[in-house]
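Have a look at the structure below, then the notes.
Every number here is computed from the coordinates shown, using simple stated rules; none is lab data. Only a predicted model underlies this, so the values are computations on that prediction, with no experimental measurement involved. Positions of Cβ are generated from backbone atoms using ideal geometry, with glycine treated the same way; all protein chains shown enter the neighbour counts.
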Amino acid sequence: MTGPALAPDALALMRHDMRSGRRVGLAVSGGSDSTALLVLAIEALGPEPLVVLSFDHRLREGSAAELGRVADFCAGRGIAHRTLIWTEGAGPGNLADAARRARYEAVARAARLDGCETVALGHTRDDQAETVLMGLARNAGLEGLCGMRPSFRQGGIRFLRPILHESRATLRRMLVENGIGWSDDPTNADPAYLRTRARTALAALGDLGIDAASLAGAAERLADTRNAIARLLSDWAMLNTRQEGGDLLIDTDALATLAPDMQRRVMGSAILWLNGATYAPRAPALLRLAQAGDGTLAGVRVLADRGALRLTRELAAVGPDRPWGQVWDGRWRISGPGGAGMRIGALGAAGLRDCPGWRETGMPRATLMASPALRDDRGGLIAAPLAGWPNGFTARLAAPRDHFPRWMIRD
C-alpha cells in the first residue's frame, strides 16, 4: 500500500513499545479517520501487537452496531478488540466535555490492563484546522491556537496522534481504493455543535487561500513558539520554585518581575501540575490569584509562605480513594509493606488528629490534610508518610509529575 503513512516519530515510539514487549493501543470508533489509522497501523506494525479500544457513549442509536462492525473487522484480522461502555452516563453540565473525559479515562484504564504504554488516536489535519477555528471563535490565546498536540500523557498512558499530518480526503481515498468501509456519525453534520460549524466555515474560506493545510501549518508554528516559551519558563522555574511535600513554592519577588502573561503561564502550569486537569483557568483568575497571594482556584489552595506562594491541593477537590498499588489523585504513590484491602486516600482532618507529630514536619495543616494516607479495609489509619507517621511506608510523586520544571516541557 502506498500513500498516507503514520508519522515517523509516532511510529518509532510504537515500535519501541513492541520491542519492549508491550502492546500498542488504538482508539477506533469506526469512522473514516480512526479506521484509516487502524489500517495504517496494521501495515506498519502487523496485527499481533495491536489492541483496538472502542468507546460507546450510548448517546445515540446505532453506535453499538458501528462498534460491532469494528469488532468484526478486527476479528477477521486476528486483532484484539475491546468495546468500552459509558455506564455512568452524563450528569449536569457540559455533555461533550463529560463524554470526552469519560472516554479518555476508560481508554487509558483499558490500555493499562492490556499492557499498553501508548494509545494512538485518529485525529487528522482537518481536525487540527477545525480546532484552530474553534479557538478563534472562543477568543483563545496562544495555547488555544496551537491546536491539538501530537502527543500527551493522561491516566498513565501516552496518547499519540500519528495521522495529524494527513488530510481526511487522502485517508478516505485510501480506504475506498482498498475496499474498506466506515461509519458516518450523524452528529458530525449537526450544526448545533461548534466543530460542525467550524467545518462548514473552513470550506467557505477556500477563496481566501485558507484551507486545512494552511491552518494546520500555522498551528504548528504557534506550537513551536509555545514550546520555546515553556522551555524558558522551565529554566526560570529551576531557579525560582521548589517542591515540598507535593506542594509547589514560587518565589514571590521573582514572580513579580515577570510580565503578566508570563505570570499567568507560571501560575497556570503550577495549577495543572497539582490538579492534573487538561486546561488551566482563565487568565484574569490566574493573575488575581498571583497578586492576592491567597485563595482557591481549580482545586488548588494558594497560601503566602515566607516570601513565596505555596500552592497545595485543596482537600475538597482531591481524587477518590484508590486500591493499594495504584496512583492516587493522579500523582501520589505509596510504597512499603502493603497488601490487599488497603486503600490510599486523603488524610483529612480526622486522620491528622491521629498523627500527633504532624506539627514537627513544618508543613501547613492544609497541605497535610490533602496528603496521601493509607487505610485498612475498615477505614483504620495505617500510615500518613508526610504527616510524621510513616509506619514503614513512603509517599512519592509519580512521574511525570515528580519534577515541576521538567513537567513544564513534558511534550
Extended-chain gain in nm, criterion 0.36 nm per residue less alpha-carbon gap, F152 and M18: 46.3 nm
Helix 95-113 axis, angle to the chain major axis (alpha carbon atoms, nearest 10°): 80
Antiparallel %, DSSP beta bridges [both residues in the chain], to 5: 65
T196/E61 FRET efficiency (R0 25 Å; Cβ-Cβ; nearest 0.05): 0.85
Helix 63-75 vs. the chain, principal-axis angle (Cα, 0 to 90°, nearest 10): 80
Segment T394-R173, length gained on full extension (0.36 nm per residue, minus Cα span): 74.0 nm
Ranked R221, R310, R288, criterion: other C-beta atoms within 10 Å, fewest first: R221, R288, R310
Sequence-distant residues sharing a close amide H with V51 (under 5 Å, placed H): V24, G25, L26
Nearest-ten-degree value, helix 260-275 long axis tilted from longest Cα axis of the chain: 90
Answer label for Rg/Rh (Cα atoms, Kirkwood Rh) (calculated), chosen among (1) 1.13; (2) 0.99; (3) 1.02: (2)
For the stretch 321-343 versus the stretch 57-117, the gap between their alpha-carbon centres in whole angstrom: 26
Formal net charge of residues neighbouring R15 (Cβ-Cβ distance under 15 Å; K, R +1; D, E -1): -1
Cα centroid separation, the stretch 347-385 to the stretch 150-222 (Å): 48
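Could you tell me the relative contact order of the chain? Use alpha-carbon pairs under 8 Å, at least six residues apart, and round to a whole percent.
This gives 12 percent for the chain.
Work out how much length R138 to I210 would gain on full extension: take 0.36 nm times their residue separation and subtract the Cα-Cα distance, in nm to one decimal. Walk me through the intermediate numbers first.
Numbers: separation 72, 0.36 × 72 = 25.92 nm, distance 1.90 nm.
Contour length minus the Cα-Cα distance gives 24.0 nm.
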Helix-only [θ]222 nm of the chain, DSSP H runs n ≥ 4, -39500 (n - 2.57) each, per residue, nearest 500: -13000 deg cm²/dmol
The stretch 10-118: relative contact order as a whole-number percent, Cα under 8 Å and 6+ apart: 32
